[in-house]
Amino acid sequence: MTEQEPLKTSSTDGRSEQQKRGHHTVEKIGGTSMSRARELIDTILIGKRAEAELYERVFVVSAFGGITDKLLEHKKSGEPGVYALFAQADNEHGWLEALSGVNRAMRAINHDMFDDAGDRHAADDFVRERIEGARGCLIDLQRLCSYGHFQLGEHMQTIRELLSALGEAHSASNLALLMRRHGVNARFVDLTGWRDETQPTLNERIERAFGEIDLERELPIVTGYSQCREGLMREFDRGYSEVTFATIAALTGAREAIIHKEFHLSSADPRQVGTENVRKIGRTNYDVADQLSNMGMEAIHPKAAKKLRQAGVPLRVANAFEPEDPGTLIDAEPASQPGVEMVTGLPVTTLELFEQDMVGVKGYDAAILDVLTRHRVRIVSKTSNANTIVHHLESTLKTVRRVERDLAARYPAARITTRRAGMVSVIGRDLTGLNVMLRGLKALDEQGIVPISAQETGRGVDVQFLVHSEDREKAVKALHRAFIEKAQEELREAA
């Protein structure tokens, strides 16, 4: 079966028919929203729906907010969780206590989520079974690897997946239980491979799970993590839930894929330009979504977006707590007219390699790319001239220093410099004829901001301005004011 070929589901009358496009949606709920699951009952989960309106939907859920941080490591601070402590432990005490802490955190969520004592006990039993299973597995593995023939490092990726799966299994099981308590025929769909001895591909695991589900009469609540032969975390790390979500939408031939967030996809970060000044985008395409991802403003993981785009499934980004608002639709369609849709900024480190003898000599680009790839450094943008190549990187200074050392060893005559800066991008499906570069430079100048550089590719989807690090937020405000707020004021005056 190919990714473009919708899988088949079974109906209660025994018929097996190809799931037609246009019937169901596949919807994803993130961890922060999951932590407000009881509120979601009154919005996206049930709300004003009744009977058949409750079905023809699939929900893919992330772990409750903060749980994956406790299981792996804190996403922002790097504070070690169970995985990190296990990886560096000389004894069992650190990671065992951390795992007990996860157990307590999950049980606290159960206590807050369920009013019925029977539901709480069922949820606690589920947590106990999964936590104790993982605990026993890690203890056995640690004991096994005390022998020289077995190396712990060879198993760390599997351990990372095992631990991560605990969070998604907990949240999906809880939500299915909560929905059943509210009279909905919800089914917990566990893709984590718990005690499964087979090694299916991602597509095979999803096909197997959905083969007997009747979407007209059942509401699947699906784990965001899926254990599979490819190893989702190896390639996507903590972006795996969006890949699972997109694959389900593509394979089942969903009418639409929906990501529920705590905010609308807006023209800028409201914390930077003010809530009163941003506007909801409303409609855009996957090209813009890619540009946003490149600037650290992921509407969806780019690999997940690729699956949806290739399958012809449109994506909607909606506010989970404003169910009446349609949110922003992302599809493959071009804009009906030119316009700026978003202004966003990202802290970057510029890596500049200058060598006078570079002109006319091939190989510098490839060599720099090789070093950056080896150190797993993400390139946001790059520029070059006859004897200088500049990469704008999203990375820690510590990692960039390692890159510098490698390049200095390879090109001892080169002058290599790094500095912190801010990349601010003006993005839209079609920017042709808007003079974004000229107007942007003028807007920055009016605010006393001297840009380091500016560039556009000629495709008419983004223009990038490199500014000094301390000017990044000020530049976002200036460009948002010039391209979004003034345009809104003109529309209001015209009306």
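The values are calculated or read from the model by the stated rules, or taken from the named source; none is laboratory data. Since the structure is predicted, the reported quantities are computational estimates derived from the model, not experimental observations. Please note: Cβ atoms are built from the backbone with ideal geometry, for glycine as well, and neighbour counts cover all protein chains shown. All accessible areas refer to the heavy atoms of the entire protein, side chains included, with ligands and DNA or RNA removed. Shrake-Rupley method; radii C 1.70, N 1.55, O 1.52, S 1.80 Å.
Annotations for the structure displayed:
- The long axis of helix 436-446 is offset from the longest Cα principal axis of the chain by roughly 80 degrees.
- For residue 332 and residue 310, the difference between the fully extended length at 0.36 nm per residue and the C-alpha to C-alpha distance is 7.0 nm.
- Estimated at 0.36 nm per residue, the fully extended path between residue 396 and residue 125 surpasses their Cα-Cα distance by 93.4 nm.
- A Stokes-Einstein calculation at 10 °C with viscosity 1.306 mPa s, built on the Kirkwood radius of region 327-409 over Cα pairs, returns a diffusion coefficient of 104 µm²/s.
- Where region 242-327 is the region considered: accessible area per residue in Å², 1.4 Å probe: 35 Å²
- Principal-axis tilt of helix 117-144 within the chain, Cα atoms, nearest 10 degrees: 70 degrees
- Compactness of region 428-495 as Cα Rg over 2.2 N^0.38 Å, two decimals: 1.15
- Relative to the longest principal axis of the Cα atoms of the chain, the long axis of helix 156-181 lies at roughly 60 degrees.
- Cα convex hull volume per residue for the chain (Å³): 184 Å³
- Per residue, region 148-224 exposes 42 Å² of solvent-accessible protein surface, assessed with a 1.4 angstrom probe and all protein chains in place.
- Averaged per residue, region 432-495 has 59 square angstrom of accessible surface, using a 1.4 angstrom probe with ligands and nucleic acids left out.
- Rounded to the nearest 0.05, the FRET efficiency derived from the C-beta distance between residue 145 and residue 107 at R0 = 35 Å is 0.70.
- What the Kirkwood sum gives for region 86-133 is a hydrodynamic radius of 11.7 Å, with every pair of different alpha carbons counted.
- Long-range HN-HN contacts of residue 58 with modeled amide H, under 5 Å: 25, 26, 27
- Per the Debye calculation on region 229-288 with a single equal scatterer at every Cα and no solvent contribution, log₁₀ I(q)/I(0) for q = 0.13, 0.26, 0.28 Å⁻¹ amounts to -0.54, -1.10, -1.14.
- Gain in span if fully extended, residue 387 to residue 38, counting 0.36 nm per residue against the direct Cα distance: 119.7 nm
- With all protein chains in place and a 1.4 Å probe, the accessible surface of the chain carries 47 percent carbon and sulfur.
- Taking every DSSP helix (H) stretch of at least 4 residues in the chain, weighting each as -39,500 (n - 2.57) and dividing the sum by the residue count yields a mean residue ellipticity at 222 nm of -12000 deg cm²/dmol.
- The relative contact order of region 118-228, computed from alpha carbon pairs under 8 Å that lie at least 6 residues apart in sequence, is 28 percent.
- Percent of beta bridges antiparallel (DSSP, the chain, rounded to nearest 5): 65 percent
- Relative contact order of the chain, taken over Cα pairs closer than 8 Å and 6 or more residues apart, is 15 percent.
- From largest to smallest, the equivalent ellipsoid semi-axes obtained for region 86-232 from the alpha-carbon gyration tensor read 30, 22, 9 Å.
- Translational diffusion coefficient of region 162-312 (Stokes-Einstein, Kirkwood radius from Cα pairs, 10 °C, 1.306 mPa s): 93 µm²/s.
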